[in-house]
Amino acid sequence: MPSLVVIPGDGIGPEVTEQALRVLRCLAERSTFELDTTILDIGAERYLSTGQLLTEDDVATLREHDAFILGALGDPR
């Protein structure tokens, strides 16, 4: 089963990644593969609230998966 990390990001990122996931879920329903997703909260909001952007745990999670979807990141403030 393919495993996918989803990093929604900031701004329009969550909207875009949700649409990408809709497509992947639709493909999974119509074919023989299952999709395992893990969402990571990495982005400007997290950095502004915690002072951390990418932790060792985040890196470990990324290494455990086959691929990732990365939404737009950043903060105009």
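The values are calculated or read from the model by the stated rules, or taken from the named source; none is laboratory data. Just so it is clear, the model here is predicted, and its values are computed rather than measured. All Cβ positions, glycine included, derive from the backbone under ideal geometry; neighbour counts span all protein chains shown. Just the protein is used for accessible areas: all its heavy atoms, side chains included, with ligands, DNA and RNA removed. Shrake-Rupley method; radii C 1.70, N 1.55, O 1.52, S 1.80 Å.
Restricting to region 35-67, name every residue that is open to solvent by 40 Å² or more (accessible area, probe 1.4 Å), hydroxyl-bearing (Ser, Thr, Tyr) and out of contact with any strand residue (DSSP E or B) (no Cβ under 7 Å at 6 or more places or on another chain).
Tyr47, Ser49, Thr50
Report the residue count in region 35-51 for those that are closer than 14 Å to Ile7 by Cβ, assigned to a loop (DSSP other than H, G, I, E, B) and at pLDDT below 95. Please lay out each step first, then the result.
Keep residues of region 35-51 that are closer than 14 Å to Ile7 by Cβ, which gives 37-47.
Next, only the ones that are assigned to a loop (DSSP other than H, G, I, E, B) stay: 40-43.
So of that shortlist, the ones also at pLDDT below 95 come out as 41-43.
Counting residues in region 35-51 that are closer than 14 Å to Ile7 by Cβ, assigned to a loop (DSSP other than H, G, I, E, B) and at pLDDT below 95 gives 3.
Taking region 68-77 only, how many residues are outside any loop (DSSP other than H, G, I, E, B) and either open to solvent by 50 Å² or more (accessible area, probe 1.4 Å) or at pLDDT below 95 (or both)? Give the derivation first.
As a first pass, look at region 68-77 and keep what is outside any loop (DSSP other than H, G, I, E, B): 68-70.
Okay, now just the ones that are also either open to solvent by 50 Å² or more (accessible area, probe 1.4 Å) or at pLDDT below 95 (or both), so 68, 70.
Result for region 68-77: 2.
Checking Arg25 against (1) open to solvent by 80 Å² or more (accessible area, probe 1.4 Å); (2) closer than 13 Å to Leu70 by Cβ; (3) part of a helix (DSSP H, G or I); (4) not hydroxyl-bearing (Ser, Thr, Tyr), which test does it fail?
(2) is the only condition that Arg25 fails.
Could you give every pair whose Cβ atoms fall below 7 Å, whose first residue belongs to region 48-62 and is in contact (Cβ under 8 Å) with a residue 40 or more places away in the chain and more than 15 Å from Asp75 (Cβ to Cβ), and whose second residue is open to solvent by 40 Å² or more (accessible area, probe 1.4 Å) and part of a helix (DSSP H, G or I), counting only separations of at least 6 or pairs across chains?
Partner pairs satisfying both residue conditions: none exist.
If you go through region 1-22 one residue at a time, how many are β-branched (Val, Ile, Thr) and surrounded by fewer than 17 Cβ atoms within 10 Å (Cβ to Cβ)? Talk me through it step by step, then tell me what you get.
Filtering region 1-22 for residues β-branched (Val, Ile, Thr) gives 5-7, 12, 16-17.
Keeping just the survivors that are surrounded by fewer than 17 Cβ atoms within 10 Å (Cβ to Cβ) gives 12, 16.
So the answer is 2.
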